[in-house]
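The values are calculated or read from the model by the stated rules, or taken from the named source; none is laboratory data. In this text the structure is predicted, and so the values were computed from the model without any measurement. Glycine also receives a Cβ, built like all others from the backbone with ideal geometry; neighbour counts cover every protein chain displayed. Ligands, DNA and RNA are excluded from the accessible area calculation, which covers all protein heavy atoms including side chains. Shrake-Rupley method; radii C 1.70, N 1.55, O 1.52, S 1.80 Å.
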Amino acid sequence: MKIVKRDGSFVDYDRQKIRVAIGKANDTVAEEERVSERQIENIIKYIESFNKKRMLVEDVQDLIEQKLMSLGKYVLAKEYITYRYTRALVRHANTTDESILSLIKNTNKELAEENSNKSTTLASTQRDYIAGEVSRDLTKRILLPEKISKAHDDGILHFHDADYFIQPIFNCCLINISDMLENGTVMNGKMIETPKSFQVACTVTTQIIAAVASNQYGGQSVDLSHLGKFIRKSKEKFIKQIKAEHKDLSKKVIEELANERLRDEVKAGVQTIQYQINTLMTTNGQSPFVTLFMHLKDDDPYIEENAMLFEEVLTQRYEGIKNEKGIYITPAFPKLVYVLDENNCLKGGKYDYLTHLAVKCSAKRMYPDYISAKEMRKNYKGNVFSPMGCRSFLSPWKDKDGNYKFEGRFNQGVVSINLPQIGILAEKDEDKFWELFEERLELCREALMCRHEALLGTLSDTSPIHWQYGAIARLDKGEKIDKYLKGGYSTLSLGYIGIYELTMLMKGVPQTDPEGEKFALKVMKYMRKKCDDWKKETGLGFALYGTPAESLCYRFARIDKEKYGTIKNVTDKGYYTNSYHVDVREKIDAFTKFKFESQFQPISSGGCISYVEVPNMEKNIKAMEEVVKFIYDNIQYAEFNTKSDYCHVCGYSGEIKINDDLEWECPECGNKDKKKMNVARRTCGYLGENFWNVGKTKEIKSRVTHL
């Protein structure tokens with residue numbers, strides 16, 4: 001048996017520790033109040049009789065108290081409870097020591113796996129994590145109401161990003177890059193004027209991205225189409241230079257020479273964006289979490305320049321970036337989102353060639369993701385705009401002149417609800433389910449209001465790049481940001497995990513079954529209505545968000561398995577299914593999956609993405625193009641994953657095996673970092689410590705390889 005400590009780490013069960021603890025309590029009471037060695041042995045055997053693979057340390061202590069009480073040893077039980085309470089006070093006085101020390105020693109497994117973009121071994125990242133642990137501690141003990149903290153610990157909800165909650169900063173945003181490039185900005189107290197060329201515009205853009213990332217904790221998105229204007233500026237500059245150098249050249253030759261120089265500049269500019277994003281280090285010790293948005297709009301006066309830009313972005317992403325060994329790898333950032341519209345949806349459009357390139361890029365490098373302009377316009381009042389870096393969407397909002405605005409807006413924070421846990425407790429009783437559901441949604445609302453209230457009164461001076469110099473606003477020094485927190489300008493996101501498992505628990509069938517589908521949609525619409533009701537009551541931008549936090553799928557499942565044991569199709573998998581997604585074990589083809597999930601996306605308008613898994617993607621490009629055509633006509637936001645093992649470092653797609661040191665190792669580049677590879681699930685998908693830490697023998701290696 002493993003004992004789960006309070007910091008989430010595991011230790012081997014040791015019966016002697018129970019004997020010592022009761023013995024110490026025995027020493028503090030009179031002889032007649034003590035328990036005998038035989039009674040202590042019986043208490044230990046009672047705990048062991050549960051035959052659990054894992055048990056929380058608090059549960060062990062609860063069982064000891066219960067047995068002491070049942071033996072009539074009330075004074076002894078009181079001493080034991082008092083000792084326990086005293087220890088709890090000590091822990092609550094400062095709960096960060098153990099987690100920080102384990103971080104420095106690189107033994108904090110939970111933190112190491114929390115964020116795939118951050119390495120806990122780097123000194124720069126450790127600084128951020130240390131500050132985060134202090135923030136998490138103060139948030140839990142002081143800043144949040146006790147019932148919200150307890151609900152988070154119990155897996156009722158997840159209060160996202162508690163490691164940044166102590167600071168008056170927000171989650172993610174759409175940078176108003178157009179305003180910053182055209183009207184200038186200020187960084188580190190230095191004026192950055194409007195760029196005169198594409199190359200300079202790319203440099204300024206990456207500087208803005210780094211500054212923004214250092215002053216918020218979530219992702220950011222940049223609409224690349226705003227750079228088309230600067231490509232034209234560069235061309236005009238080249239034509240002027242060529243004319244000055246060669247006064248006798250024809251207009252046609254001048255055009256050809258200018259275009260040749262322009263292609264070189266576009267290539268160099270895109271390299272600047274790609275390499276600076278991947279080599280810059282923000283104040284939290286990681287590359288900026290940024291998404292580049294690519295949409296060719298027919299009414300864009302710079303559409304040809306942007307087509308040239310998007311082609312170069314996709315070409316360079318397809319090629320990859322060299323790592324320290326000189327091998328071309330798939331960079332984690334920037335994420336790419338490519339919009340399918342009438343002019344490029346593979347139906348004879350002028351820019352179909354770009355979509356062919358995008359699919360080829362997806363097959364090798366996993367990105368870009370795809371947005372259907374046609375479907376998005378249906379869901380967002382005729383608008384097409386980028387998701388924020390964290391894949392959440394803003395709600396339509398009009399300025400005082402009646403114009404829709406999306407860039408320069410942001411998300412205040414996220415709280416997610418654990419749906420399967422409600423289903424477990426309801427035990428197929430629908431009345432009980434809806435009652436519990438209502439109570440827990442209200443808890444989520446209170447938690448989200450904590451996020452909003454924490455930002456109220458924030459001064460623009462806390463992040464000048466956001467509030468004073470254009471990323472979000474251009475406020476005066478010392479001015480409060482409150483007006484941007486209200487009226488739906490920014491969003492507050494209600495995330496959710498486990499529609500599939502909830503439906504299995506309540507109906508005994510997946511949501512793809514007609515009965516399950518009806519129930520799943522009812523649950524989704526109920527959450528959406530709650531968000532809409534909260535919005536009307538408060539004037540705040542509540543939104544329903546299909547949570548893409550993969551680590552949360554595992555956290556909720558782990559908590560529930562410890563509490564409620566192994567439940568078929570629920571806790572037995574080791575993970576919960578993300579948001580409304582159909583579980584990976586369901587036999588369903590790509591087209592059917594996208595069509596089925598498309599009905600959930602308009603309900604989850606605060607954030608939604610669907611995916612399909614394709615084996616050996618580079619050998620299935622034609623099939624992927626058919627899926628892309630289908631995406632345009634049927635679903636708003638989608639991506640491809642690979643069913644085969646995949647290395648994000650070098651782009652290898654095939655089988656990744658265990659090496660002699662019991663580590664997954666890419667055969668192409670030698671990558672051993674589990675965070676940077678997908679190992680296709682074998683049977684149950686479990687890759688936990690029981691297999692990794694039991695010993696380095698050939699027999700164990702075989703068990704892991706064939707799991």
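Data table
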read-out: Coarse-grained scattering of region 511-644 at q = 0.10, 0.18, 0.20, 0.22 Å⁻¹, given as base-10 log I(q)/I(0) from a Debye sum over alpha-carbon atoms; value: -0.40, -1.14, -1.28, -1.38
read-out: Cα-derived Rg over Rh, computed across the chain with Rh taken as Kirkwood radius; value: 1.00
read-out: Solvent-accessible ranking of 166, 156, 47, largest area first, probe 1.4 Å; value: 166, 156, 47
read-out: Exposure of residue 562 as accessible area (Å², to 10), given a probe of 1.4 Å and all protein chains; value: 20
read-out: Most to least accessible of 507, 140 (protein chains only, probe 1.4 Å); value: 140, 507
read-out: Tilt relative to the chain, helix 15-26 - C-alpha long axis, 0 to 90 degrees, to 10; value: 60
read-out: P(r), alpha carbons of region 382-426 - 10 Å bins starting at zero, rounded %; value: 20, 37, 21, 16, 6, 0
read-out: With Cα atoms, 0 to 90° folded angle of helix 550-564 axis to the chain main axis; value: 20
read-out: Links that overshoot a 29 Å alpha carbon limit, given the list 522/587; 573/674; 190/229; 378/529; 378/432; value: 378/432
read-out: Positive-pole candidate from 531, 521, 545, dipole of region 502-553, charges at beta carbon; value: 531
read-out: Angle in degrees between helix 352-365 and the longest Cα principal axis of the chain, rounded to the nearest 10; value: 30
read-out: Protection proxy ranking of 130-138, 566-574 - average other beta-carbon atoms within 10 Å, highest first; value: 130-138, 566-574
read-out: Structure-based [θ]222 nm, the chain - -39500 (n - 2.57) summed over DSSP H runs of at least 4, per residue, nearest 500; value: -14500 deg cm²/dmol
read-out: Portion, in percent, of the accessible area of region 435-587 that falls on carbon or sulfur, probe 1.4 Å; value: 51
read-out: Point-to-point label distance, residue 256-residue 70, nm (Cα→Cβ direction, 7 Å offset); value: 9.4
read-out: Theoretical FRET efficiency, 1/(1+(r/R0)^6), r = Cβ-Cβ of residue 668 and residue 403, R0 60 Å, to 0.05; value: 0.75
read-out: Computed accessible area, residue 430, all protein chains, 1.4 angstrom probe, square angstrom; value: 50
read-out: Share antiparallel - DSSP beta bridges, the chain, percent rounded to 5; value: 40
read-out: Ranking by accessible area, most exposed first, for 1, 366 with a 1.4 Å probe; value: 1, 366
read-out: Peptides 518-526, 466-474, 237-245 ordered by average Cβ neighbours within 10 Å, highest first; value: 466-474, 518-526, 237-245
read-out: Alpha carbon Rg of region 120-234, scaled by the compact-globule rule 2.2 N^0.38 Å; value: 1.43
read-out: For the chain, accessible area per residue (1.4 Å probe, heavy atoms of protein chains only), Å²; value: 45
read-out: Region 278-398 - convex hull of the alpha-carbon atoms, volume per residue in Å³; value: 134
read-out: Label-to-label distance, nm, for residues given as residue 49 and residue 315 (7 Å Cα→Cβ offset); value: 7.5
read-out: Using distinct alpha-carbon pairs, which all enter the 1/r mean, Kirkwood radius of region 14-76 in Å; value: 12.0
read-out: With DNA, RNA and ligands ignored, accessible area of residue 537 (1.4 Å probe; Å², nearest 10); value: 120
read-out: Per principal axis, descending, Cα span of region 223-352 in whole Å; value: 54, 38, 27
read-out: Label-reachable residues, region 1-44, where backbone N falls under 12 Å from a point 7 Å from residue 78's Cα toward its Cβ; value: 29-30
read-out: Where labels lie 7 Å past Cα in the beta-carbon direction, separation of residue 275 and residue 459 in nm; value: 4.1
